Structure formats: structure tokens, C-alpha cells
1. Which residue out of 188, 170 is touching a residue at least 12 places away in the same chain (Cβ under 8 Å), closer than 18 Å to residue 234 by Cα, part of a loop (DSSP other than H, G, I, E, B) and not assigned by TED's automatic domain parsing to the domain that holds residue 61?
2. So in the stretch 83-103, with the set limited to residues that are touching a residue at least 12 places away in the same chain (Cβ under 8 Å) and farther than 20 Å from residue 14 by Cβ, which one is surrounded by the most Cβ atoms within 10 Å (Cβ to Cβ)?
3. With buried (at least 21 other Cβ atoms within 10 Å of the Cβ) and closer than 22 Å to residue 9 by Cα as the only criterion, which of 192, 181 stands out?
4. Across the stretch 195-215, which residue is nearest to residue 158 (Cα to Cα) among those that are surrounded by 17 or more Cβ atoms within 10 Å (Cβ to Cβ) and at pLDDT 90 or above?
5. For the stretch 71-82: of the residues being modelled with pLDDT of 90 or more and surrounded by 14 or more Cβ atoms within 10 Å (Cβ to Cβ), which is nearest to residue 203 (Cα to Cα)?
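The values are calculated or read from the model by the stated rules, or taken from the named source; none is laboratory data. Keep in mind the model is a prediction, meaning the values are calculated, not measured. Here the Cβ is made from the backbone with ideal geometry for all residues, glycine too, and neighbour counts use every protein chain on show.
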């Protein structure tokens, strides 16, 4: 199979990417196609649908071989499950499947772009296919998911004064992929509210001097967790 398009995303590293699609609805991604006549025809009528399935390749992975047993972050990284009973990217064939919200299809001279929100994509992700989400067959309200229960509440996110001042000094941009659907501040807060830390660190405060760094859009964000609250200590542009 060959990639049909490439995703431009606000997440340039694996750390910080939402663990499931739909968790950060301000995250914008652009599925970029070569501006050929065939692609223009293939994308015709896509905007008749509100949501899409994106079939993609987990790229830039460090796995040398797949593991038949994995430890899902949902279970604190302490319980093992068969890989086919999980959505782990460590699979025999590194293929991902995410449902996203369609925002716009743009036929620009340099690229044809399908703008979507709520994605969980690493920048540069190769796309194998996109398909419309059809609710009367794709939505199954009575489906059983056993241990994959609804998520815990999002963490509260606060800023120290220096970090907030640094954010306010960043020049606004019209690029929704880098700055999010509702602005960079909202994108950062929604991403960190999901607690991107490793599974064994989630649900507890870090050590007194422990900080984490994550790249979101055009900035590096330094944060810590104290009293169950994310505190953003510093941001700087890249």
C-alpha cells in the first residue's frame, strides 16, 4: 500500500498526543494531498459528512518488533492485555484508525487539504485512506467495552504569571494547525488537561522538583503537577 496523503499536526513529538481521538477538540490537523486532478475528484462530495474515519500509519515508532502483551495507560500501565484487545500503536502492522470531525476541504494550488479536529496524530503521519463516518451503522450505543471505561475528569490547568506573559507576547497566527481551533492557549490547556505523563505517573503528583516538557504547536511548554493540578511554569517559542 502507498500513502495517499500526509498529516500536518500540532503535535511534533509522541509525548503529549491525546491517547484517543476526540479528547482535544481544539486540535486541528490538515490531511494534505498532492494537487492532482485525480485527488480533486476523489475528494469531491466529502463535505456532505460531518465526521471521517482516517486510516493511517504509526510512523516514527521505536519498536523493533511487536509485543503480544501490552500495558494500556488506562489501567495505569500495570496490567497486561493482549495487543488485539487494545489500541496500542505497538502492533504487527502499525496501522491506526481514528474518527475525526471534518471542518473544511480546501483546494489550494500547492496542496488539497482536508482540515479536521479532534485528531490524535503525530506530525508527518502517512494516511492510507479516509472514509466517511456513517452514524446509522458506525455508532453502536449498546456496545460493550469492559475495562475501557469512560475517562476520568480532566485535570485543572493553571498558569504562573511568567508563563502567561510569555504566551501573551506571542504574535497571533491564522494557522489553525499550529494554534488550534480556539487559539493557542486553549490548545495547550486542553492537551495538558489529559495528563500526558506516563501511565505510572498519572493520578499522583510529581516529585517536588519534577517538571515535564511537551511541544505543542509552535511552543515548548514546561509544566508540573501539584495537588492534582497542572501548573504551567514556562513556555518558549521554538
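1. Working: 188 fails: part of a loop (DSSP other than H, G, I, E, B).
Result: 170 is the single residue among 188, 170 that is touching a residue at least 12 places away in the same chain (Cβ under 8 Å), closer than 18 Å to residue 234 by Cα, part of a loop (DSSP other than H, G, I, E, B) and not assigned by TED's automatic domain parsing to the domain that holds residue 61.
2. We begin by selecting, within the stretch 83-103, every residue touching a residue at least 12 places away in the same chain (Cβ under 8 Å); these are 83, 86-92, 94-103.
Among the residues that remain, those that are also farther than 20 Å from residue 14 by Cβ are: 99, 101-103.
Details: 99: 18, 101: 18, 102: 20, 103: 18.
The residue in question is 102.
3. On the way: 181 fails: buried (at least 21 other Cβ atoms within 10 Å of the Cβ).
192 is the lone residue from the list that is buried (at least 21 other Cβ atoms within 10 Å of the Cβ) and closer than 22 Å to residue 9 by Cα.
4. The extreme case among them is 195.
5. First pass over the stretch 71-82, keeping only residues modelled with pLDDT of 90 or more: 80-82.
Among the residues that remain, those that are also surrounded by 14 or more Cβ atoms within 10 Å (Cβ to Cβ) are: 80-81.
Working: 80: 19, 81: 21 Å.
Selected residue: 80.
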